Amino acid sequence: MQAAIVTRYGPPDVVEIRDVPHPVAKPGQVVVRQHATSLNSGDARIRGANMPPGFGLILRLVFGLRGPRQPILGICVAGEISDIGPGVAGVSLGDRVLATTGFAMRGHAEYVAVKANRLVPLPETLSMEEAAALPFGALTALYYLRDRAKLQPGESVLVIGASGAVGAAAVQLAHHLGAQVTAVCSAANADLVRSLGADQVIDYHAQDYRSMGQRHDIIVDCVGAATAENSHPALVPGGRLCLVIASLGYQLTAAWHSRRTGVRVIAGVGAESPKDLAMLTELASAGPLRPHIGATFPFARIASAHALADTGHKRGNTVLLFDRA
Ligand SMILES: NC(=O)c1ccc[n+]([C@@H]2O[C@H](COP(=O)([O-])OP(=O)(O)OC[C@H]3O[C@@H](n4cnc5c(N)ncnc54)[C@H](OP(=O)(O)O)[C@@H]3O)[C@@H](O)[C@H]2O)c1
């Protein structure tokens, strides 16, 4: 089978499509024949060893010193079950499924062995492309809004970077949870974020959300622009600042910044659970969460998808399609 291999950190052209052995379903696992997967900012960060300040050494300790020791990146798996390992019950060959593989990665391959307890059944109402675009961004947005910021209906949420994978999901989930949503993005993406549920749009090239006299209960920063110090004029007293992206130093001193400014700084790596993915899949199937697919590439052109992610200006999620004609 074919897989995208990254043996050393570097620009998008370090990614090579190679033939590798077909995975076997071990006890407790199934093999998924993929129809689609996604290429997201996390994959591009690992490939390029491009981490927020302070995380460079941690990346190399966790993923590998000179290159990823797991050379097949990618965490989203969307396809049909093609093999079932010993001890797995309740699934059948051909079942349409979605899963994330977390730190084990291996999603950028035609076939992926996945623990059966990570599988989420995929309803017919969702295409394989939509499924592949669902987990990355939505799981993180859910983690920040529901679990960390504990968003309440009627609160006001400002999302910076509202047109990206995390931001587009944050706009939709905040709207779904009953918030008034202000989206910060460029003018070209204003219609998109309005269609996702934003009540107000701020073009970051023309206006500064901090000098508009508005105060929000929660700010979700997906671009690394906000700090407690520069954002407190746009937050109510005790407001929550979710730093989806921040330097290691700022994260380690979050409690100090909170005390100093009266803003509750929330940072960290989003959690990822099959239970939450199942809930998000139901939301997507029912309508309130629409995975936004900004670009689609054939799997063979994965290097181009990496290059798009490297720009930091992609819209929503990028999907890679396998040839299943
Ligand atoms: N903490 C976690 O667990 C976690 C999880 C996932 C991702 N992340 C991080 O979160 C960040 C966002 O990820 P993503 O996948 O959503 O990125 P993405 O898909 O590349 O989206 C970034 C978006 O931000 C917009 N943008 C860029 N600069 C902006 C600015 N100054 N103000 C407003 N919008 C701006 C871009 O649109 P324009 O073209 O309009 O600029 C683009 O649509 C990445 O750094 C990623 O590494 C963290």
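The values are calculated or read from the model by the stated rules, or taken from the named source; none is laboratory data. As the structure is a prediction and not an experimental result, all values here were calculated from the model. Methodologically, a virtual Cβ is constructed for each residue, glycine included, from the backbone with ideal geometry; neighbour enumeration extends over all protein chains shown. Keep in mind that these areas ignore ligands, DNA and RNA; they rest on the heavy atoms of the full protein, side chains included. Shrake-Rupley method; radii C 1.70, N 1.55, O 1.52, S 1.80 Å.
Among the conditions (1) surrounded by fewer than 21 Cβ atoms within 10 Å (Cβ to Cβ); (2) modelled with pLDDT of 95 or more; (3) out of contact with any strand residue (DSSP E or B) (no Cβ under 6 Å at 6 or more places or on another chain), ALA284 misses just one, which is (1).
One line per residue, one yes/no per condition, for (1) within 12 Å of the ligand (Cβ to nearest atom); (2) not in a loop (DSSP other than H, G, I, E, B):
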residue: GLY107; (1), (2): no, no
residue: ALA132; (1), (2): no, yes
residue: GLY137; (1), (2): yes, yes
residue: GLN152; (1), (2): no, no
residue: VAL157; (1), (2): no, yes
residue: ALA190; (1), (2): yes, yes
residue: GLY197; (1), (2): no, no
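Which one of these does GLY224 not meet: (1) at negative phi; (2) in contact (Cβ under 8 Å) with a residue 40 or more places away in the chain? Answer for GLY224: the failing condition is (1). The condition (being more than 8 Å from the ligand (Cβ to nearest atom), assigned to a strand (DSSP E or B), open to solvent by less than 10 Å² (accessible area, probe 1.4 Å) and in contact (Cβ under 8 Å) with a residue 24 or more places away in the chain) is satisfied by just one residue among VAL171, VAL181: VAL181. When ALA99, ALA49 are checked against the criterion of being more than 16 Å from the ligand (Cβ to nearest atom) and touching a residue at least 24 places away in the same chain (Cβ under 8 Å), a single residue qualifies: ALA99. On the stretch given as the stretch 220-253, residues that are farther than 30 Å from ALA133 by Cα, of a type in the set (A, V, I, L, M, F, W, C) and out of contact with any Lys or Arg (no Cβ under 9 Å at 6 or more places or on another chain) total 1. Do we have any residue at all in the stretch 117-128 that's among the β-branched types (Val, Ile, Thr), surrounded by fewer than 18 Cβ atoms within 10 Å (Cβ to Cβ) and outside any strand (DSSP E or B)? Scanning the stretch 117-128 turns up at least one residue that is among the β-branched types (Val, Ile, Thr), surrounded by fewer than 18 Cβ atoms within 10 Å (Cβ to Cβ) and outside any strand (DSSP E or B). Looking only at residues of the stretch 269-281 that are open to solvent by 20 Å² or more (accessible area, probe 1.4 Å) and within 15 Å of the chain's Cα centre (by Cα), we find that the one that is farthest from the ligand (Cβ to nearest atom) is PRO274.
Taken over the stretch 278-325, the criterion of being assigned to a loop (DSSP other than H, G, I, E, B) and within 14 Å of SER38 (Cβ to Cβ) is satisfied by PRO291, HIS292, LYS314, ARG315, PHE322. Out of SER186, SER156, SER195, one residue alone is open to solvent by 10 Å² or more (accessible area, probe 1.4 Å), closer than 17 Å to ASN317 by Cβ and either out of contact with any helix residue (DSSP H, G or I) (no Cβ under 6 Å at 6 or more places or on another chain) or without any contact (Cβ under 8 Å) to a residue 60 or more places away in the chain (or both). It is SER195.
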